[in-house]
1. Across the range B:222-252, what is the total count of residues that are outside any strand (DSSP E or B), in contact (Cβ under 8 Å) with a residue 60 or more places away in the chain and out of contact with any Phe, Trp or Tyr (no Cβ under 8 Å at 6 or more places or on another chain)?
2. Just give me the residues in the range B:71-84 being under 24 Å from B:Ser245 (Cβ atoms), within 11 Å of ligand 1 (Cβ to nearest atom) and within 12 Å of chain A (Cβ to nearest Cβ), in sequence order.
3. With respect to B:Asp193, determine if the residue is of a type in the set (Asp, Glu) and modelled with pLDDT of 95 or more.
4. Step by step: first the residues of the range A:1-51, then only those that are open to solvent by less than 70 Å² (accessible area, probe 1.4 Å), among the hydroxyl-bearing types (Ser, Thr, Tyr) and in a helix (DSSP H, G or I), then the one that is modelled with the lowest pLDDT. Which residue is that?
5. What about A:Ile54, is it outside any helix (DSSP H, G or I) and either modelled with pLDDT of 90 or more or hydrophobic (A, V, I, L, M, F, W, C) (or both)?
6. Working only within the range B:179-229, note down all residues that are more than 16 Å from ligand 2 (Cβ to nearest atom) and small (Gly, Ala, Ser).
7. Which one is farthest from B:Thr189 (Cα to Cα) among residues in the range B:85-133 that are among the small types (Gly, Ala, Ser) and away from every other protein chain (no Cβ under 11 Å)?
Amino acid sequence: MSGKQEELQTAWADSFPLLGFLKESLAIAEVELKKLIRDPTELFTRAVQPVLWIVIFGQVFSRVRGIPTGTIGYLAFMTPGILAQSVLFSAIFYGIAVIWERDLGIIHKLLVSPARRGSLVFGKAISSGFRGFVQVVVIYFLAIAMGIGLRWQPYAILGVLFSVALGSAIFSTFSLIVACIVKTRERFMGIGQLLTMPLFFASNAIYPLTLMPVWLRWFARLNPLTYLVDSLRGLMITGGHSVHGFGVDFGVMLFVFIIFLLIADRLYPTLVQ
Amino acid sequence: MKEQPTAYPSPGKSMDFDDTENRVMSGSWAIETNGLTMRFGDFTAVDAINLKVSHGKIFGLLGPNGAGKTTTIKMFTTLLKPTAGAAIVAGFDVGSFPAEVRKRIGYVPQMLSADGALTAYENLMLSAKLYGMKRPDRKGRIADALNFMGLNNSSHKLVKTYSGGMIRRLELAQAMLHRPGVLFLDEPTIGLDPVARRIVWERLIALKEKYGITILITTHDMEEADQLCDEIAIMHHGKIAATGSPASLKASVEPGANLHDVFVYYSGGSIEEGGNYRDVRKTRRTANRLG
Ligand SMILES: Nc1ncnc2c1ncn2[C@@H]1O[C@H](COP(=O)(O)OP(=O)(O)O)[C@@H](O)[C@H]1O
Ligand SMILES: [Mg+2]
């Protein structure tokens with residue numbers, strides 16, 4: 001009964017490993033998105049924070065005029081930074097959901113299926129990428145309301161979406177790695193809080209790297225958030241430009257994502273041991 | 001990402017793939033272990049166990065909390081790599097060919113693992129895709145499984161609205177979807193009310209009879225071991241104290257003995273006393289969610 005028929009069914013996927021990998025990843029991403037659409041409350045609560053940052057912090061600091069933001073105003077300068085921040089803050093707590101699913105036995109069952117371990121992780125990253133799109137919509141509405149000049153060329157918008165998806169994927173996979181290491185919700189909450197602020201402040205999100213002391217600038221250069229902000233600044237804002245260049249921005253982000261994916265692929269099975 | 005165990009010849013890939021030939025390793029057993037051992041640090045959770053499980057039977061691992069049942073099942077299902085010894089499941093060594101084993105087994109963890117935020121149909125569809133089922137086959141298989149488990153009428157309701165018994169049956173549907181050769185169930189009826197429990201037993205027996213699936217369950221419930229299992233192994237402190245059919249084990253102790261007597265006789269302990277606080281709490285938690 002389990003015989004030949006089954007072998008034939010899975011055989012085709014074996015001969016196109018990449019196709020099989022993508023199919024499995026999309027199956028995971030699809031259910032994640034279904035769940036999100038069914039219960040979107042989390043997305044709305046996540047939208048509150050960027051509003052505070054831009055409307056209050058942004059407006060106050062644009063009066064300081066002490067921050068060198070080039071040819072654009074401070075509000076326009078910080079808007080992509082706040083988009084990146086909200087991507088970071090929502091993706092970094094992804095690990096909590098993973099630990100929750102582990103406690104429910106959902107991950108046990110996924111790991112006993114013949115699906116590739118990497119595709120289980122990649123599927124989560126894809127769904128996290130889509131969650132980032134909601135943040136994009138929120139920030140664009142906010143920017144319009146604040147009268148910030150946005151670039152509406154299709155390639156610019158596609159670029160923003162790609163950047164945000166990649167950034168979300170990076171930080172959610174990072175979060176998953178942390179979850180696999182700390183394994184319990186309590187410890188994860190502690191570490192999550194501990195990580196987000198340094199990642200945010202040691203980046204170019206709300207001030208340029210040139211303002212930082214040299215040691216901090218080094219930190220910021222190793223921080224993937226810096227490259228996310230940089231690409232968004234170049235793609236989103238009229239008159240904004242990327243300091244590092246899109247090649248470097250996307251190159252670094254892709255590289256970091258692949259490294260994280262490889263680590264997560266290894267660590268994911270340890271979550272249930 | 002790494003999938004095929006490249007250091008070994010890959011049986012699934014040979015052109016003249018013959019199912020029976022690749023199962024020769026296992027002889028005539030659905031599951032066979034040899035000195036199977038799992039250590040966590042210097043604590044030995046499973047201590048060099050030797051087991052043989054026949055095809056098409058329901059086999060019970062009976063033991064108190066903390067005996068090492070879940071750890072054993074995790075090794076059989078490739079979630080844990082044995083520290084020492086070997087286990088051959090559905091014809092393949094779990095340590096060397098985990099991917100081959102996974103294609104041929106089904107698994108229902110102790111916790112309620114169906115996703116409550118999805119419908120039964122969506123849960124099943126996810127399994128169908130992860131098991132690489134072809135699109136034209138999926139719907140038919142899902143309908144069969146829902147039908148077999150008596151869940152047709154509620155297949156489009158969110159699983160969080162289900163009773164514990166319905167969730168267990170959905171999990172069985174998920175685990176049988178790809179017609180596995182061996183099915184592993186960790187404490188399948190824990191926390192279920194007597195009626196729901198009977199239904200699960202009856203479905204398991206039907207699965208065995210209709211599809212010839214070998215079923216391995218763990219339990220600390222004497223009645224379950226007695227009524228459901230063709231054969232049982234008594235597990236205590238990571239070791240197998242005795243194996244045999246419930247009837248033969250009882251007869252070996254004394255006329256009129258029950259399984260509790262058997263347990264005390266072979267393990268020197270009582271099944272109620274085992275388990276540290278953590279084990280008991282874990283078991284209770286599942287029971288509460290089910291109840
Ligand atoms: N990951 C782990 N690390 C350390 N000890 C563990 C781990 N998993 C299980 N144990 C211990 O191994 C023993 C057997 O556990 P388990 O297999 O869950 O027993 P059972 O399922 O029979 O209740 C218990 O004492 C438990 O605390
Ligand atoms: Mg257990």
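The values are calculated or read from the model by the stated rules, or taken from the named source; none is laboratory data. The structure presented is a predicted model; accordingly, all values stated were derived computationally and were not measured. When we count neighbours, we look across all protein chains shown, and the Cβ atoms used for this are built from the backbone with ideal geometry, even at glycine. We work out accessible area using only protein heavy atoms, side chains counted, and drop any ligands, DNA or RNA first. Shrake-Rupley method; radii C 1.70, N 1.55, O 1.52, S 1.80 Å.
1. So the first thing to find is which residues in the range B:222-252 are outside any strand (DSSP E or B), and the list is B:222-230, B:237-238, B:245-252.
Adding the requirement that they be in contact (Cβ under 8 Å) with a residue 60 or more places away in the chain leaves B:222, B:224-225, B:228-230, B:237-238.
Filter again for out of contact with any Phe, Trp or Tyr (no Cβ under 8 Å at 6 or more places or on another chain), leaving B:225, B:237-238.
Here the count works out to 3.
2. Scanning the range B:71-84 gives a single hit, B:Ile73.
3. Values: of a type in the set (Asp, Glu): yes; modelled with pLDDT of 95 or more: no.
When the stated conditions are applied, B:Asp193 does not pass them.
4. Here the residue is A:Thr10.
5. Working: outside any helix (DSSP H, G or I): no; either modelled with pLDDT of 90 or more or hydrophobic (A, V, I, L, M, F, W, C) (or both): yes.
Answer is no for this residue.
6. B:Gly181, B:Ala196, B:Ala206, B:Gly212
7. At the first step, the residues of the range B:85-133 found to be among the small types (Gly, Ala, Ser) are B:85-87, B:90-91, B:95-96, B:99, B:106, B:113-114, B:116-117, B:120, B:127-128, B:132.
From the residues that got through so far, the ones that are away from every other protein chain (no Cβ under 11 Å) too are B:85-87, B:95-96, B:120.
Numbers: B:Gly85: 30, B:Ala86: 29, B:Ala87: 26, B:Gly95: 29, B:Ser96: 32, B:Ala120: 19 Å.
Here the answer is B:Ser96.
This table checks each residue for (1) surrounded by fewer than 22 Cβ atoms within 10 Å (Cβ to Cβ); (2) among the hydrophobic types (A, V, I, L, M, F, W, C).
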{"residue": "B:Gly91", "(1), (2)": "no, no"}
{"residue": "B:Glu100", "(1), (2)": "no, no"}
{"residue": "B:Pro109", "(1), (2)": "no, no"}
{"residue": "B:Ser113", "(1), (2)": "no, no"}
{"residue": "B:Leu118", "(1), (2)": "yes, yes"}
{"residue": "B:Glu122", "(1), (2)": "yes, no"}
{"residue": "B:Ser127", "(1), (2)": "no, no"}
{"residue": "B:Leu130", "(1), (2)": "no, yes"}
{"residue": "B:Arg138", "(1), (2)": "yes, no"}
